[in-house]
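Note sheet for the following structure.
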Amino acid sequence: MLEDKNEGKTSISDLGEFGLIEHLTGHFKLYQNSSIKGVGDDAAVISGDSKQLNVVTTDLLVEGVHFDLGYMPLKHLGYKAVMVNLSDVYAMNAEAAQITVSIAVSNRFPVEALEELYAGIKTACDLYRIDLIGGDTTSSRSGLIISITALGRANKNELVYRSGAKESDLLVVSGDIGAAYLGLQVLERERQVFQVNPNAQPDLEPYSYLVERQLKPEARKDIVQLLKELKVKPTSMIDISDGLSSEIIHLCKASNVGCQLFEDKIPLDPQVISTCEEFNLDSTTIALSGGEDYELLFTIGIDDYPKIKGNPNLTVIGHMTQEKEGIHLVTRADTKIPIIARGWNSFPE
């Protein structure tokens, strides 16, 4: 009988993605004076000139883990891969400027397929006015892997971290939540139908918004610009990539505060509500745990509330409390339920 070399070892799934990052990097020191913020936020911060700071972020997308080419067109994948990274830059209240793109690709992809991938990347660069400035290409034995690094900048007095929320700050979210996850469920269902009956033609029209949110998300550059126009500087901010519940917990832990999130304030698109009913899913659960919305979640001081009140792009969904009060969802029945991170996990068991 072969000995299990991992017996008695810690499973990566026991720590989860963010626990693993903290475990592996928590003891690293910053030696350079130019390193302002290292691991632990949406992006790292590096000193620039006397007025501006530079931000850097990177994300890895792996075929079979983060995307399925059975329903993800390569052009959409290229576009989405850029959005994933730009969203992290905007979550720092910064302006994105450049990207590098590295890919590992197996020989089942012809040149024409990679042309499609880069057409999506170019579309993103053109729309968001981002420069592609480098990268790397190598071979892969396990499909397609994409790694993008995004570079940006912000004035020193405008940069926003996860760690600035204060007790009594209002919790605000842009757009609506949960559509991207439901788009994925719709695509998965239609793929299963196709596998049973290849002649079946999917009717995605009733789910057009959901599918678009999954296949072609948009990073919220417009929200950063809107906040500047409204003269509102968030006290903390994060993007919603792993699910609303996970991101709220990140803000609370980084800022040493608690939170009350109100269920009846969570913004849901009508397609989300109707599709949840069709799939027999709870819309609040989807909003809390879905992920990939790439909306911005941030806190503001109460004094700034009149500036955003009534704005259709922004919704106040809760407020921050003392840390000892914990992190809770206040249901429609006025019951408090502890919020647990149930969003995307890169290392499931």
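Mind listing whichever residues of segment 42-80 are part of a helix (DSSP H, G or I) and closer than 24 Å to F298 by Cβ? Matches in segment 42-80: K80 only. Criterion applied to L159, L170 was being closer than 19 Å to I300 by Cα and in contact with a His (Cβ under 6 Å, 6 or more places away or on another chain), and the one residue passing it is L170. When residues in segment 89-112 are screened for being under 13 Å from L77 (Cβ atoms) and either surrounded by fewer than 14 Cβ atoms within 10 Å (Cβ to Cβ) or within 25 Å of the chain's Cα centre (by Cα) (or both), 3 of them pass. Looking at the structure I just gave you, is E292 on the phi > 0 side of the Ramachandran plot and crowded, with 21+ Cβ neighbours inside 10 Å? Yes: the conditions hold for E292. Taken over segment 131-148, the criterion of being surrounded by 14 or more Cβ atoms within 10 Å (Cβ to Cβ) and out of contact with any helix residue (DSSP H, G or I) (no Cβ under 7 Å at 6 or more places or on another chain) is satisfied by G135, S140, G143, L144, I145, S147. Can you name the residue in segment 27-50 that is of a type in the set (D, E) and surrounded by 13 or more Cβ atoms within 10 Å (Cβ to Cβ) and is also modelled with the highest pLDDT among such residues? Per the stated criteria, the residue is D42.
State whether one or more residues within segment 152-174 are within 18 Å of the chain's Cα centre (by Cα), in a helix (DSSP H, G or I) and not hydrophobic (A, V, I, L, M, F, W, C). Scanning segment 152-174 turns up at least one residue that is within 18 Å of the chain's Cα centre (by Cα), in a helix (DSSP H, G or I) and not hydrophobic (A, V, I, L, M, F, W, C).
Of these, L53, L24, L20, L69, which one is touching a Phe, Trp or Tyr at 6+ places or on another chain (Cβ under 8 Å) and either under 27 Å from M237 (Cβ atoms) or modelled with pLDDT of 75 or more (or both)? Let's see the steps before the verdict.
Working: L53 fails: touching a Phe, Trp or Tyr at 6+ places or on another chain (Cβ under 8 Å); L24 fails: touching a Phe, Trp or Tyr at 6+ places or on another chain (Cβ under 8 Å); L69 fails: touching a Phe, Trp or Tyr at 6+ places or on another chain (Cβ under 8 Å).
Being touching a Phe, Trp or Tyr at 6+ places or on another chain (Cβ under 8 Å) and either under 27 Å from M237 (Cβ atoms) or modelled with pLDDT of 75 or more (or both) holds for just one of L53, L24, L20, L69, which is L20.
Does I337 meet the test of being assigned to a strand (DSSP E or B), on the phi < 0 side of the Ramachandran plot and surrounded by fewer than 17 Cβ atoms within 10 Å (Cβ to Cβ)? Answer is yes for this residue. Starting from residues that are surrounded by 13 or more Cβ atoms within 10 Å (Cβ to Cβ) and small (G, A, S), keep the ones in segment 169-205 and report whichever is farthest from V257 (Cα to Cα). The residue in question is G183. Any idea which residue in segment 230-262 is farthest from the chain's Cα centre (by Cα), counting only those that are buried (at least 19 other Cβ atoms within 10 Å of the Cβ) and among the charged types (D, E, K, R)? Filtering first and then ranking leaves E247. The helices (runs of 4 or more DSSP H) falling completely within segment 223-312 that include 3 or more residues that are more than 30 Å from S208 (Cβ to Cβ) and of a type outside the set (F, W, Y) map to 244-255.
Of all residues in segment 148-167, those being within 17 Å of H250 (Cα to Cα) and of a type outside the set (A, V, I, L, M) number 6.
The values are calculated or read from the model by the stated rules, or taken from the named source; none is laboratory data. What you see is a predicted model; the values in this text were computed from it and never measured. Here Cβ is always computed from backbone atoms with ideal geometry, including for glycine, and neighbour counts include all displayed protein chains.
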